[in-house]
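Worksheet: one structure, shown below.
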């Protein structure tokens, strides 16, 4: 780029800045702020994905695509059937932060999504704030369970926590614990989705249903 060109700068606070470049050097770039406005790429709905711990490559894909979709916070969740352990996941934190930052820049996010430390399933349930809608897709949910659409349209929604199982899925005990914490167990149609697909599908459906994809 050359002096006189305009760029959009994101600072992680939720705003985007339109800047006209005045100097472009090898180590320094200077510019003049022309305008500031709320970042168009930041959704009004706050989504937290509690992703059952996956193999590293799969989780990295979830991080990248989840940031692009609009997820606000990721929590790798240690479930009964998780194949990854907390120690291995913790070693990846720096790499995962870079993936999040790069995906946020590419997709024009106004705020940098957060990445929590690996958290045991029961502790993750305890972290959820009041008035947060908790959704848990589970293939063994009762046939009479409410659909995702019914849950989302039952009242105002601003915060959603989404629990997705690991490669082996949730156990009945984990589903029961989630229900006790106020989670809505839902099915995602007649097809069984992979662990790395389900969370992204649910997030996309929520954002669409709540008017984020106008």
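The table that follows gives values for the structure above.
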{"item": "Listed residues 65, 92, 187, most fluctuating in the chain (Gaussian network, C-alpha, under 10 Å)", "result": "92"}
{"item": "Alpha-carbon centroid distance for the pair the range 1-65 / the range 174-204, whole angstrom", "result": "30"}
{"item": "Taking 19, 62 and counting other C-beta atoms within 10 Å, the order from fewest to most", "result": "19, 62"}
{"item": "Selected from 16, 32, 167 as most flexible by GNM, with the chain as the system and alpha-carbon contacts under 10 Å", "result": "32"}
{"item": "Calculated [θ] (222 nm, deg cm²/dmol) that DSSP helices of n ≥ 4 give over the chain, each run adding -39,500 (n - 2.57)", "result": "-9500 deg cm²/dmol"}
{"item": "Footprinting exposure proxy for 6, 68 (fewest neighbouring C-beta atoms within 10 Å first)", "result": "6, 68"}
{"item": "Angle between the chain longest axis and helix 56-69 axis [Cα atoms, degrees, rounded to 10]", "result": "70"}
{"item": "The chain: angle of helix 195-209 to the longest principal axis, Cα-based, in degrees nearest 10", "result": "70"}
{"item": "Gaussian network model of the chain, springs between alpha carbon atoms under 10 Å - residue of 110, 182, 66 with greatest fluctuation", "result": "182"}
{"item": "Degrees separating the helix 93-107 axis from the principal Cα axis of the chain, which is the longest one", "result": "60"}
{"item": "Burial ordering of 47, 152, 21, fewest other beta-carbon atoms within 10 Å first", "result": "21, 152, 47"}
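Rule-based calculations on the coordinates, nothing more; no lab input. What you are looking at is a predicted structure, and each value in this text was computed from that prediction instead of being measured. Every residue, glycine among them, receives a Cβ derived from its backbone with ideal geometry; neighbour counts consider all protein chains shown.
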